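See below for the structure under consideration.
The values are calculated or read from the model by the stated rules, or taken from the named source; none is laboratory data. None of these values were measured; they are calculated from a predicted model. Neighbour counts run over all protein chains shown; Cβ positions are idealised from the backbone, glycine included. These accessible areas exclude ligands, DNA and RNA; they are computed on the full protein's heavy atoms, side chains included. Shrake-Rupley method; radii C 1.70, N 1.55, O 1.52, S 1.80 Å.
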Amino acid sequence: MDLAYAAGRPGGTMTGVLSAANEKAVELFIDEKINYLDIFKVVELTCDKHEAELVSSPSLEEIIHYDLWARRYAASFQPSAGLSPVLV
């Protein structure tokens, strides 16, 4: 819950990034690619990476762009790499 509040404070594209990363992390868990406790880590690391590119008042195109970016970035985490993003 703290992460959701933290994403809501800056607003903008951060809430969409959190949602997209969470959806992808849950998918990775269901596919047995990450552990249950890794869901939070994947979402948190994705949001942390997005901070530098946060758009406060995004256009629809920017919202879609960062939603897709978050899904790709979250999908790049591999447990064998210690939950670091890996180019696939």
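List of remarks:
- Here the spin labels are modelled as points 7 Å beyond Cα on the Cα-Cβ line, and at residue 23 and residue 57 they lie 2.7 nm apart.
- Label-reachable residues, the range 26-58, where backbone N falls under 14 Å from a point 7 Å from residue 15's Cα toward its Cβ: 55-58
- Residue 77 long-range amide H proximity, modeled H, under 5 Å: 86
- Amide H to amide H, with H built 1.01 Å from N, residue 34 comes under 5 Å of 29, counting only residues 5 or more places away or on other chains.
- Sequence-distant residues sharing a close amide H with residue 13 (under 5 Å, placed H): 55
- By a 1.4 Å probe calculation restricted to protein chains, residue 44 has an accessible surface near 70 Å², given to the nearest 10.
- Karplus-based coupling profile of the range 14-26, in residue order and whole Hz: 5, 5, x, 5, 4, 4, 5, 5, 5, 4, 5, 5, 5, with θ = phi - 60° in 6.51 cos²θ - 1.76 cosθ + 1.60 and x standing for Gly or Pro.
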